[in-house]
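Here is the structure we will look at, set down as structure tokens.
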Amino acid sequence: MSPDAPSDRPAKPLMAVLRGERPAVPPMWLMRQAGRYLPEYRALRADKGGFLELVYDSPAAAEVTLQPLRRFGFDGAILFSDILIVPYAMGQDLWFEAGEGPRLAPILAETDLSALTPDYSRFEAVYETVRQVKAALDPAVTFLGFAGSPWTVATYMVAGQGSKDHGLARRMAYKEPDRFAALIDAIIDATVVYLSGQIDAGVEAVQLFDSWAGSLSPAQFQRWVIEPNKRIVAQLKALHPDIPIIGFPKGAGAKLADYAAQTGVDAVGVDETIDPHWANAALPQGMPVQGNLDPLALIAGGRAVEEAVDRIRAAFADRPHIMNLGHGILPDTPIAHVEALISYVRRS
């Protein structure tokens, strides 16, 4: 625990908030906290030769997961892995192009979806990472697992890479809804296996990242974001009823209220574009929320980030809240600004 943390904090602050408590000081972790802004991460990735090699080297992935905990004393550890491990385990070829990011063999009009043969043994290295992190983790820290939500994963599977408007997946969803639904169904099945395995290996809560939820119309959002996440949550709750689930539909805007009310998640992530006062009024009473701090405010530092923190804390003063960013920490974020953020939140 950071020396700035008050001694009267709950024994496990982040888990306490996910259970509905409201400690005086909000717990904190940052999305992508294990990553490129840390020199120790860059050194280890260079030594391993690439991102996928790092994910599949369990001792190295465990080390990356723990690096920000040692440096900053966060209240949450987020498993170091990648959302595209799911399509890889579904049988889709996955590789990383240096300087360009992940690549998948795209799903074309002629692609036979039934030819994707799942190989869930490809999850085992990630489970081993979980076991190694769990053995080394401070008991006060909550261990978070994660997976991409079906819509976001499907955008990569269809296009074979990231895209600006996710047009290929959106076209497939409109033109071939039955075929697209079959793809979503397969992603749901694999995601439940993946998250259940992470829980069995030792994570204490999980987060569903729907990073590209904001690209859909309201009707499509209902069909391809709310309904698939609802199915995942229901299946996970049947298997692991005591494990909290955080849902993060980035870009959902006003649709966040329906997502929170209908999916069954225990907490929701709030991105930086959402007015926190609106979110506090629109979301189910007592539901824990996470995030809302603009990653660029953290880069600016100083009064910019302090004023943003003050606004967020004022908006969520009567609601369980986890301090976090509205999306992932950016690679050019100064480490000193992260240290200052933690100190400001914990002493204010």
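The values are calculated or read from the model by the stated rules, or taken from the named source; none is laboratory data. Nothing here was measured: the structure is a model prediction, and the numbers come from that model. A quick note on method: Cβ atoms are made from the backbone with ideal geometry, for glycine too, and the neighbour counts reach across all protein chains shown. These area figures cover heavy atoms from the full protein model, side chains too; ligands, DNA and RNA do not enter into them. Shrake-Rupley method; radii C 1.70, N 1.55, O 1.52, S 1.80 Å.
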So in segment 138-164, with the set limited to residues that are without any contact (Cβ under 8 Å) to a residue 60 or more places away in the chain and either among the charged types (D, E, K, R) or touching a strand residue (DSSP E or B) at 6+ places or on another chain (Cβ under 6 Å) (or both), which one is least open to solvent (accessible area, probe 1.4 Å)? GLY160
For segment 289-316, name all the residues that are part of a loop (DSSP other than H, G, I, E, B) and within 19 Å of GLY269 (Cβ to Cβ). ASN292, ASP294, PHE316
When you check PRO295 against the structure, is it at pLDDT 95 or above and either open to solvent by 40 Å² or more (accessible area, probe 1.4 Å) or among the aliphatic types (A, V, I, L, M) (or both), yes or no? no
Are any of the residues in segment 165-181 at pLDDT 95 or above, touching a strand residue (DSSP E or B) at 6+ places or on another chain (Cβ under 8 Å) and either surrounded by 18 or more Cβ atoms within 10 Å (Cβ to Cβ) or not basic (Lys, Arg) (or both)? no
Please go through segment 249-270 and give me each residue that is surrounded by 23 or more Cβ atoms within 10 Å (Cβ to Cβ) and more than 19 Å from LEU18 (Cβ to Cβ), ordered by number. LYS250, ALA252
Looking at (1) of a type in the set (Asp, Glu); (2) under 24 Å from TYR37 (Cβ atoms); (3) surrounded by fewer than 21 Cβ atoms within 10 Å (Cβ to Cβ), can you tell me which one ASP275 breaks? (2)
Check whether at least one residue in segment 245-266 is among the charged types (D, E, K, R) and more than 24 Å from PHE143 (Cβ to Cβ), and report yes or no. yes
Residue check: is PHE123 assigned to a loop (DSSP other than H, G, I, E, B), at pLDDT 95 or above and either surrounded by 15 or more Cβ atoms within 10 Å (Cβ to Cβ) or among the β-branched types (Val, Ile, Thr) (or both)? no
I need a count of the residues in segment 30-46 that are within 18 Å of ASP57 (Cα to Cα) and in contact with a Leu (Cβ under 6 Å, 6 or more places away or on another chain). 1
Residues (outside any loop (DSSP other than H, G, I, E, B), open to solvent by less than 40 Å² (accessible area, probe 1.4 Å) and in contact with a Phe, Trp or Tyr (Cβ under 8 Å, 6 or more places away or on another chain)) located in segment 327-344: ILE335, VAL338, ILE342
Exception for THR129 within (1) over 17 Å from GLU53 (Cβ atoms); (2) in a helix (DSSP H, G or I) falls at (1)
